[in-house]
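In what follows, a structure is listed as structure tokens, so that the remarks can point back to it.
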Amino acid sequence: MLIIAHRGARTLAPENTLAAMQAAINSGAKAIEFDIHSHGDECLVIHDRWLDRTTNGKGLLQAYSLEEIKQLDAGNGESVPTLWQLLTLVNGQCALNIELKCVTHLPPLLKQLDLACNILNFSADQFLISSFNHHLLKQLKTLAPKLKLGALTASRPVDECAFAENLGAWSVNLDIDTVCQELVTDAHQRGLKCYVYTVNQPDDWQWLARMGVDGIFCDIPEAAVASFPQTAV
Ligand code: G3P
Ligand code: MG
């Protein structure tokens, strides 16, 4: 089972910071999930629209200039990274699941992924782009048909994973609270990988592994890797 470090290794360093990404690499996880927002032509690595929970800033991310955001403390003296800073740090050592939060335009993202394959040590199949916003995924499918897409859902749709198959997704990324054997079996019958968030209890890891789930998003990747030794992605 693939262990995906959630927001980096967020129990070892502030979430979605470069320190959390380095801790995730060190944990032995072969994949890292993080969240991005558009900010002008830049992509910033941060979970919330509001700065208050994860930084010493107050108010909306979009109310700050890029220079102001760079000065903020995202915990332990870490700053809010740009996507490019993160790509440079990870440099192909792990696969990346980039979760699109408030992403308003896709070309800057695609340009950076392209550059990461050309001047860094990534290959395109190391990227999985996911979102709860399926309209964004649909646009991505048109702009970059070969990019792997993860269709996120917090619900169990009545037609199971048809929505993800219709998007041409690589995976369905499911909530632990709604996952069940029928949903996992349906995903696999449609040729989709099945990843589940956010799973920090060893009993849940074992339950999901028995169900045939392909991977879990985990805040304590070092412990999960000890239970499920990883091979390269
Ligand atoms: O991508 C899986 C998971 O990260 C989705 O929820 O709120 O942690 O971004 P959230
Ligand atoms: Mg996320």
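Read the figures in this text as sums done on the coordinates, not as results from a lab. Note that the structure is predicted; figures quoted are calculated from it, not measured. Cβ atoms come from the backbone with ideal geometry, glycine included; neighbour counts cover every protein chain shown.
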| note | Per the filter on the stretch 51-61, residues surrounded by fewer than 16 Cβ atoms within 10 Å (Cβ to Cβ) and either in contact (Cβ under 8 Å) with a residue 40 or more places away in the chain or aromatic (F, W, Y) (or both) are none
| query | Listed residues L128, L137; which is touching a Phe, Trp or Tyr at 6+ places or on another chain (Cβ under 7 Å), closer than 20 Å to H37 by Cβ, aliphatic (A, V, I, L, M) and surrounded by 14 or more Cβ atoms within 10 Å (Cβ to Cβ)? | reply | L128
| message | Considering only residues that are closer than 25 Å to V158 by Cβ and within 16 Å of ligand 1 (Cβ to nearest atom), which ones fall in the stretch 184-203? | response | A187, L192, K193, C194, Y195, V196, Y197, T198, V199
| field | Complete set of residues in the stretch 168-183 that are within 16 Å of ligand 1 (Cβ to nearest atom), under 29 Å from S123 (Cβ atoms) and either surrounded by fewer than 19 Cβ atoms within 10 Å (Cβ to Cβ) or of a type in the set (F, W, Y) (or both) | value | W170
| request: Check A20, A24, A5, A9 and return the single one that is in a loop (DSSP other than H, G, I, E, B) and either on the phi > 0 side of the Ramachandran plot or among the aliphatic types (A, V, I, L, M) (or both). | output: A9
| Where E68 falls short, out of the listed (1) free of Cβ contacts under 8 Å to residues at least 24 places away in the same chain; (2) assigned to a loop (DSSP other than H, G, I, E, B) | (2)
| request: From the list L192, L152, pick out the single residue that is in contact (Cβ under 8 Å) with a residue 12 or more places away in the chain, away from ligand 2 (no atom under 16 Å from the Cβ) and within 18 Å of the chain's Cα centre (by Cα). | output: L192
| message | Looking at the stretch 126-133, can you tell me whether even one residue there is within 16 Å of ligand 2 (Cβ to nearest atom), touching a residue at least 40 places away in the same chain (Cβ under 8 Å), hydrophobic (A, V, I, L, M, F, W, C) and under 27 Å from F228 (Cβ atoms)? | response | yes
| said: Which residue is farthest from N133 (Cα to Cα), if the candidates are limited to the stretch 27-59 and must be under 16 Å from the mean Cα position of the chain (by Cα), within 16 Å of ligand 2 (Cβ to nearest atom) and not in a strand (DSSP E or B)? | reply: A29
